[in-house]
Structure formats: C-alpha cells, structure tokens
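Student: Have a look at this one before I ask anything.
What follows draws every value from the coordinates through simple rules; no lab data is involved. None of these values were measured; they are calculated from a predicted model. So basically every Cβ, Gly included, is an ideal-geometry build from the backbone, and we count neighbours across all protein chains shown.
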C-alpha cells in the first residue's frame, strides 16, 4: 500500500532515466502461460506466448498447443486456438467452474507437457455497489509513447469482507462504449491535404480491461469495505457519450494474490530508494518432464461476482473536451457501427 | 617550519620508544595530568616530552598521561597538531598532577593541520580506523552548501556509499545497519535528513569523528561492521562565541561559551527549507510536495572540582516530507547523553554515561477511504561504565560494561475518517543487551606492542510475545503455523550470549614503518528489516528472537604502514578477510510492514568478504590530499531447508554491497594566499542487480523476466566534486569564511537503480535511474564573532 504512494520522490531529486546496454548473451526464451478459469464462461481463456530477448520488439505466440482444464471432480474442458495466442473453450463445451472444486491446467506443446498446480475455486464475494469519483491520473492510450495527466472517473466498489477467513480479490472489466469521431476533418497522410470522409462518426466498441491490482483483507478482515478504488477511466475516450461498464470481482487464492502482487510491484516500481529490488515472479506452472525449466505465468482460478452500470456523458458534472479522432471511427480497433442490443 | 615540526614529532616519538625500553633504578615519582585544548576539551594523542630525562608520552582518550620521574626540575614540552607548542617547568618532589592547556595556533601551523594525525598511525597499535576532524571536513566539497559527516565517510578506504538520496554506507562488505552510528555516545537509528542530502551532524559544532572498521577495541560493540564515533565539541571556556551560517536552502546558528569558570554550554540550531525552491518547478508533483527539517543541539559541561566533571549532550530533530495529495512522512530523533567523568587518582579514571536515544516515525495517508496514521518508534536506554587504569608500566588498561534496554513499537496502524482499514498494532519488541569488556594496550618492547581485549555480550528477548511454531519441512508461512507460544510480560523468550575476542599487534620495522595484524569478533542483536538498498523512513528495526539469530562477524586483517622520513607522505596497505554469520535476506516480494509473522518472509544465511585497501597521503606542500584504492568482494550464501528459502540454488552470490573497485582521490591545493581549491573524485564498480533475461506480455502489459538474484551489475559510479574555499577573514572581532562548491562537476548520470521499461514503438529495454543528473552548485557563508 505504501509503496504505491511513493513514486514521486525522485522527481524531487531531479532524477532522470536513460537507457543502458543489455547483455544479450544471457537472454533466454520461456513459455508464458496466462490462464483464467472462473464461474463465468466468457471470462475463461488461456493465452500462450514466449518471452523475448530485450532488443527484439516482436511477439511470438504458441498456436499449436493442446490446452485442457480438468478438475478433481471429473470435469474436463478443451480450449481451442483462436488468434494472437488466445485459446477459448471449444464450441459446445460449457466451460463454467464451480466454487469449491479444484482445477488444473494442462498445456501440451510438442512433446513437452506443462501443468499447473491444483487450484481451488473460491466462493465469490458480492459487489454491493459501484461509485464514481472524479480524479486525475497519468494514462497512456494504446499506441501513445508518453503518459499524460487526464481527468476521468475513479471506479470505486463497496463490498462486505467475510470474517473468519482470508480473502483475496482482484478485478476485471468489460466496457461497451459509444464514440463520436470527426471523419470530415480527415487529413490525407501522404498529401497532408484535407480529405474529408463521409463515414462514419458514430461507433461502438467493446474492450476488456484487466487490472493487476490485488488486495488482501489483512487490514480489513470482516469489515464493510467502502470506496475500494479498482479502475481509472479517462473521460476523453470512454465517457464521451455513453458507457456500459461491467465490473467483475474475482475471489482468488493466496498464491494467485502473491503472484499478481509481485507483478504489480514490479510494474509500479520506479527504481527509487523506496522500491524493493526486482525479483523473479514465481508462477504455478511447471514442465512435467523438466522441473528446472522456468515457465512464466499463472493459472488463476477464481469465483466471480459482477455488477453492471451505465454512465452517460450528461451525468458527469465536469467540463472536458470531446474525444478528437479525425477519421472514420471504424478504423478504431474492434469498432463497429452496429448499435448493440439494448443500447 | 612545518617540516621541522613533523621532524620534531618523529624525534619525540623515537625518544618515547627508547624510554619505554629502560628500567628505573632510583626512587621515582609519578607526573600525571591532563592536556586540554583552547575550549577546555581533552586532547587525545598530544605528545609530551620531558627534559632533561628525554622521556616522552602520548595522551590517551581522556587526554590523560602519566610517567615516572626522579626528583628534580624538568621542562615539559607539549605538542598537538593545530595547537601552539607549550613549555612548562615542573619541579618533582613527590607524585604530581598538572594541567596543560594548549591554544590554537591559528595560521602558523596551517599545513600541518591538514595532516590530521598522520604520524601516530604508524605507531598506534590499532588499525583500520580513520580520523577526520572538523577542519578537514569543512574543506571537503559540499552538497547543497553543507559539509557532511556521512558523505565524507564514503571517501575513506573500505567504505562505499549506498547511492545518492540515501545516507547509508557500506563498510567492508557489510550492510548499512551493521554500522553503529554514534553522536556523543548515543546510537542513532536514522541519521538522515532530507533524503540523505544532510545528516544529523551539524558540521559547525563537530569536533571529530573516527571510523573503526577492523581491530575494533573491546570497548565498542553492538554492530558487526563498523563503529562511527562522532564527537561534538563542548562549549569553550574563554568567551562567548557566536556563529551564523547560511546557504540557499538552510540556515544555522550556534553559540557557546562559559557561564562561569566551571560551567560552559553550547547551543546550536539548524533548519532547511527547500520548499520555496521546489515551488519554482513547473511540475505540479514537485510544486505541491514539500520537505523540511530542523535540529538542535544543547551541550553543558560542569566542572565540579578537579576530579569530577559532569557533561550533557542533547539533540532533537524533526523531519517531514509530503507528496501531493497523499502521504506525509515525519520522523523525530531525540538523543541525550549524561556523562560523569571522575578521576579516582592519577592512574585511574572512570566515566559513567547514561544514554537515551528515541526515534519516532509517523506516516499519514489522507486518501478518502484509506485515511490512516502509521506510527512506529524505537527507544533505547543505556548505562555505560568505562574505566581506564594507567598505573602499570607499559600497560594501558580499559575496562567496563554496559546495559541497554530496547523497546520497539514496530508499527501501529490507526485508521480515521471514512477509512475501511482495521486498527492494528504489532506487539512491542523488547529486549535487553548487557556486556562487559576489558582491553589492555601493552608495550612489549620498543618495537612490539599489542592491544588485547575481550568482550562478553548477552541479549535477552523479553515478553510479552507470541512466538509462532512453523510446520517442519515446508517453507515458513503464516498458513504453516502449527502452534503459538505465548510469553507473558517481562518473561524471557530467548537469550543469546557470546564472547567477542579482539586483538591487534603492531611491530615497528623501522622508525617510520610498521606491520600490524588484527582479529576481531563482533556480535549484533538488532537489525534493520528493509527490502530497499538504503535506510528509509518506512523501515523497521527488529531485535533477535527465536528465528532471527544474532549476527556475528569474524575478521582478520593485516596491514603495513609507512611514513616518509620527513612526513611528506604516508602509505598504508591493509588486507582483510571477514566471515559473517546469520545474515538476513528477503523472500521475493516479502511483506515487511505490519507483518506479525515477519520471520516467514526473511531468509537466513552466511556471508564472506575480503579485500585489500591501499592509501597514499601527501601531508605537506601546496598540494595535499590522498588517494585511496580498494579492491574488495562480498558474498552471501542463503541455503534454507526448502527451495523457497534458498537463493540462487544455495550457491554464493554477490551481496548488495559488493562493489569490487573503489577509488577515492581527495586533493587540496593552495591556489592563492587566501584561497584553496579542493577536489574529490570517486569511482566504484556498479552494485550487483537482478537482471532480466527476457520480456513478456501479461494482461496486456509488458514485464521483464527476472531470474536468480544479483547476477549482473549496474554501470560504474564515478563523480567529481570541486570546491573553492576562502580562508577565514578577520574584520575586527568577526571572522568570515565561505565556500563555493560544485557537486558532480561533469554531470555524470550515475545509476541509482536499473529498471526495465517499454515505450511504444521501441523494444523493451533496460534503463538506469539517476538521482542526480546535473552538476549541483552551492554556496555557503559563515560568520563567527
């Protein structure tokens, strides 16, 4: 908690960051497993990729693996390859976990078999309410090099922490939103001349947002937890017109908590005197044939509760400039002109 | 003149050595006494020679000396560096006690002042210690207008600093908490001000400091790597003096003098207020942050009679810094030392010291829903008795003991407002440490002398305490607790004790060269639990308990010391080997704050360190200074019972303090009659870091894959500081002095840490973070009247 509050110290000291050379001879490739299994079918997926040497800017995915999740209670689900390393439950298999059951992930790549330790699915903890608070945060949209300070909504949740047991939580989100763009202001990239487009200015997008943030109830056991800050959404893009946000509250295991906590610690570390030195993030995947092989990643099993809210631009009492995108809105990733049902 | 005086010293020394070889034939009487400086302070290491017998002595720590003489009239000549020589005629008809007061020689002995007792080094039995006095310190280049004790320590051989923005230093491969940092005998738990750019020592009232890193006398204990013994001066006995100093972000005021002929005092106050400079920054994070500190010293000295002196040294400081909209940090140091020095007879002195050191720390968070105050504190009460006996010819006997009580509040979380945090308080961590020691400095022959000591220390961890019993064969963790042993208040939970033998021996090869060897064992019962490289305000001190065993170090050292015939050059060479036991390291991602099962996040193992230190000093001439070069290594081996409690497969790995090459050059050049230029250059190998072997995506973000621990190194550290110092100008009663310094002259961006980052459009890569990336000029101005 405290570490998070300290990133500014080095600014005070006129600190600066410069690149240094990496010793490329020591660079290695490892399998990276990102596995999620919950009691909500659409949240379940496995992503397989390989870690890359520094200096290589390319992604490498594993597309030919056989991925299965099975339980001590006899459940068995096959995941099949989609694209970009993602594996989703195969059509027809209703891959929904049951809290209390213990699950394992199997990944067969070539003649190597990778397996997770068994993980129990914890009982979900209900979200009582979702609130919003105006705040400012540094944020970078995909494709932007520098973070900038933007106004937006902090998404806060309230819930009751069950007493008598240790609980660990993380959050994920899906957001469905409408954007208005300016195709009439399009500038041709080669000529540099205005080249107005006729279509389209209204689009709908759907995004999944994952958060590394995890919390434990070491300091809040058995209390009603209020205003737990779980997400920041800048007004500019997400809240320009209308947004339907679903918050998923994952009840995770202690091992999973530790995994994400160290991962987050690394993400927010800025190398200051207050930061712990970086450390290996130990996951729960291993190679059955070779225990010494380092496999990166975690098979996270969680019991999930969710809550959906709709936010309208008109309801936000804060002046902010409209989203600026001088092009056909369909150019935006995953954008569609089709109005979603119940919009 | 300077050359002559040094030659005279050597001559005196030669006499001294010769005299010890002779035996008394006739009835002899004792001449004893105390040598004091201008301000009444006792002078250690003053040379006395008595003619016509040509006997010589050197004063001890208490400024005391004694020697045997036949009946007759003698001339006693006394010399001390920086003081005008003194001659007095003494008639001996029986045992006699005299008091000699030396006065400052002002400018007459200027070149000699700088040498800071180089001559005694080759003849002293102890080794591995460095002495710096205030004059020396104020010549060193300053950062933010202030000469600083802790920063100057890292210019000494065998010492490396923990990085800019911290005041921690590492001695011979040990961690920062293995250094006992004292202010007038009181231990400090955080000697930082303002992110380590200042330390708790006010340079205007500093007398001197000594850093012991090997051959540590049995008188000292409690930490295993080094002792930094800092003394502040007492009020002067002549007249009231005032001193005012200013720099762009700080101000100082001190006054001292006699209240009566028996009673002197000193009062000093200092404050820094960088806030208005921070307001000038365009960045709102800096603009809305703030930091400041103030501290004050108060010293009294009361001479009851010729045999009894009572003195008091008190210190209080308060620090605070705040980041915009979230958290404030505040800490306070309160120290007090009450000392009673008693002269039993001419051969026997005693000092009783009562020490109190209190360190309190408060972190306050003000975010909605998370309002809290986190308080922690540490309180030390110590009683020490030290005796010196000089009655045996060729022996100087020191003995004594101490008892300390530690009461640590490791953390209390107090939520308020709409906070959903639970109130939480960790148990007090209580324990007491007692020790007794005896040390004898023996002059065996005119060439051979030895210092032999033994210290016994004992520690008891006290209740109330809950000790958790963990399941065997699995990593310690709060889920593996099988039993809890509860101890009531005051009951003894665990005791540790052990002997700490110390020995050093000196053999003079010639009049100006000697060989020395030393062995020491040191024990430590309190450690700083910190997963950062430096001491920060959120760290916790922890006493030894059932799981955290006392840290022990064994060190052997060998040295060669040489002083050139006329004292122009000194050369020393020391090698050492150290074995460290029960060293603490951390599990990956350990939780250190408010953790009742802290031991389950700690790892234990052993360490070893070795090195060679060379130092060449030039003491005279227009250019003076030193070059010190160190080659050293420091390793840790953490091989626990389970894999999770093992680091790097149980193999030795470079510790965080392993910086093999360390070069320090300090030069002081007399540019014009009233101006001096000093320069300080530092080079050290980069410290070991855990490096990443690849990068990967996880949850749509890029991470570095770290493996193992401390397998790579950061870029090397080097820096040049320069300073232009104006000699003191006298205008009527006032004395003015000033200096202009530039820290980091060639704008080296030294890496404090290494991190891996990804910017869109580029491959993820390694970056270094520099705390200071620009030259920092500063100016300061002092007036004394």
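Student: Relative contact order for segment B:138-225: what is it in percent, counting Cα pairs under 8 Å that are at least 6 residues apart? Intermediate results must be reported in sequence, preceding the final value.
Tutor: On the way: 102 pairs, mean separation 25.2, N = 88.
That works out to 29 percent.
Student: Summarise the partner chain shielding of B:679-691 as one whole number: the mean count of Cβ atoms from other chains within 10 Å of each residue's Cβ.
Tutor: Values: counts 0, 0, 0, 0, 0, 0, 0, 1, 0, 1, 3, 4, 6.
Mean shielding count: 1.
Student: Quick one: what does P(r) look like for segment A:67-142 with 10 Å bins over all Cα pairs, in whole %?
Tutor: So the P(r) values, bin by bin, are 14, 32, 24, 22, 8, 0.
Student: Treating the Cα atoms of segment A:27-120 as identical point scatterers in vacuum, please give the log10 of the normalised Debye intensity I(q)/I(0) at q = 0.13, 0.18, 0.25 Å⁻¹, two decimals.
Tutor: -0.45, -0.80, -1.34
Student: Below 8 Å, C-alpha to C-alpha, sequence gap of six or more: please give me the relative contact order for segment A:27-120 in percent.
Tutor: Working: 190 pairs, mean separation 23.5, N = 94.
Worked out over segment A:27-120, it gives 25 percent.
Student: Rank the residues B:745, B:380 as a footprinting-exposure proxy: fewest other Cβ atoms within 10 Å of their Cβ go first. It would help to have the intermediate numbers written out before the result.
Tutor: Working: B:745 18, B:380 22.
The order, fewest Cβ neighbours first, is B:745, B:380.
Student: I would also like to ask the following. Sticking to Cα atoms, compute the Rg of segment A:85-232 to one decimal and its Dmax as the biggest Cα-Cα distance, whole number, in Å.
Tutor: 22.1, 68
Student: Tell me what chain A gives for mean residue ellipticity at 222 nm when only DSSP H runs of n ≥ 4 count, each as -39,500 (n - 2.57), the sum divided by the residue total, rounded to 500 deg cm²/dmol. Let's see the in-between values first.
Tutor: Numbers: 3 runs with 23 residues, N = 343.
After summing the helix terms and dividing by residue count, I get -2000 deg cm²/dmol.
Student: Any chance you could give the angle, 0 to 90 degrees and rounded to 10, that helix B:2-21 forms with the longest Cα principal axis of chain B?
Tutor: Result, in degrees: 80.
Student: Output the Cα-based Rg and Dmax of segment B:598-666 in Å, rounding Rg to one decimal and Dmax to a whole number.
Tutor: 18.9, 62
Student: Could you tell me what fraction of 2.2 N^0.38 Å the Cα radius of gyration of segment B:382-541 comes to, as a two-decimal ratio? Kindly include the intermediate steps, with their values, before the conclusion.
Tutor: Working: Rg = 23.4 Å, N = 160, 2.2 N^0.38 = 15.1 Å.
Computed over Cα atoms of segment B:382-541, the ratio equals 1.55.
Student: Using the scaling law 2.2 N^0.38 Å as the reference, what is the normalised Cα Rg of segment B:310-395? Don't skip to the answer; put the middle values down first.
Tutor: Numbers: Rg = 21.7 Å, N = 86, 2.2 N^0.38 = 12.0 Å.
Against the compact-globule rule of thumb, the ratio is 1.81.
Student: Continuing with this model, one more query. Would you list A:312, A:156 from fewest to most Cβ contacts within 10 Å? Write out the running numbers ahead of the final one.
Tutor: Working: A:312 10, A:156 19.
Ranking A:312, A:156 by Cβ neighbours within 10 Å, fewest first, gives A:312, A:156.
Student: Here's another thing I want to ask about it. Expressed in nm², what is the orientationally averaged projection area of the convex hull enclosing the Cα positions of the protein assembly as shown? Walk me through the numbers on the way to the answer.
Tutor: On the way: hull surface 197.8 nm².
The directionally averaged projection comes out at 49.4 nm².
Student: Using the Cα atoms as the points, what is the convex hull volume per residue of segment B:544-671 in Å³? Please report the intermediate quantities before stating the final value.
Tutor: Details: hull volume 19.1 nm³, N = 128.
Looking at segment B:544-671, the number lands at 150 Å³ per residue.
Student: Next up: Where does chain B land at 222 nm, in deg cm²/dmol rounded to the nearest 500, when only DSSP H runs of n ≥ 4 count, each adding -39500 (n - 2.57), divided by all residues? Mind dumping the intermediate values first?
Tutor: Values: 7 runs with 48 residues, N = 785.
Helix contribution divided over all residues of chain B: -1500 deg cm²/dmol.
Student: Over chain B, calculate the relative contact order: mean separation of alpha carbon pairs under 8 Å at least 6 apart, over the residue count, as a percent. Intermediate values should be presented prior to the final figure.
Tutor: Details: 2220 pairs, mean separation 79.3, N = 785.
Reported relative contact order: 10 percent.
Student: Would chain A count as rounded, prolate or oblate if I go by the C-alpha gyration tensor, calling it rounded below 1.5 in a/c and otherwise prolate when a/b exceeds b/c, oblate otherwise? If you can, show how the numbers build up before the last one.
Tutor: Working: a/c = 1.34, a/b = 1.29, b/c = 1.04.
Note, shape of chain A comes out rounded.
Student: A further question follows. Applying 1/(1 + (r/R0)^6) with R0 = 30 Å to the Cβ-Cβ distance of residue B:276 and residue A:229, what FRET efficiency is obtained, to the nearest 0.05? Could the numbers behind the result be given before it?
Tutor: Working: r = 33 Å, r/R0 = 1.11.
Here the calculated transfer efficiency is 0.35.
Student: Please report the spacing between the Cα centers of segment A:14-91 and segment A:285-343 in Å, no decimals.
Tutor: 17 Å
Student: Where the centre of each part is set by its Cα atoms, how far does segment B:658-734 sit from segment A:224-253, in angstrom?
Tutor: 45 Å
Student: On C-alpha positions alone, give me the angle between the axis of helix A:254-268 and the longest principal axis of chain A, in degrees, nearest 10.
Tutor: Value to nearest ten degrees: 40.
Student: Viscosity 1.306 mPa s, temperature 10 °C: give me the Stokes-Einstein translational D for segment B:457-612 in µm²/s, with Rh taken as the Kirkwood radius over C-alpha pairs. Don't jump to the answer; show the numbers that get you there.
Tutor: Numbers: Rh = 18.9 Å.
The Stokes-Einstein estimate is 84 µm²/s.
Student: Can you give me the pair-distance distribution of chain B, C-alpha pairs, 20 Å bins, whole percents?
Tutor: All Cα pairs, binned at 20 Å, distribute as 15, 49, 30, 6, 0 percent.
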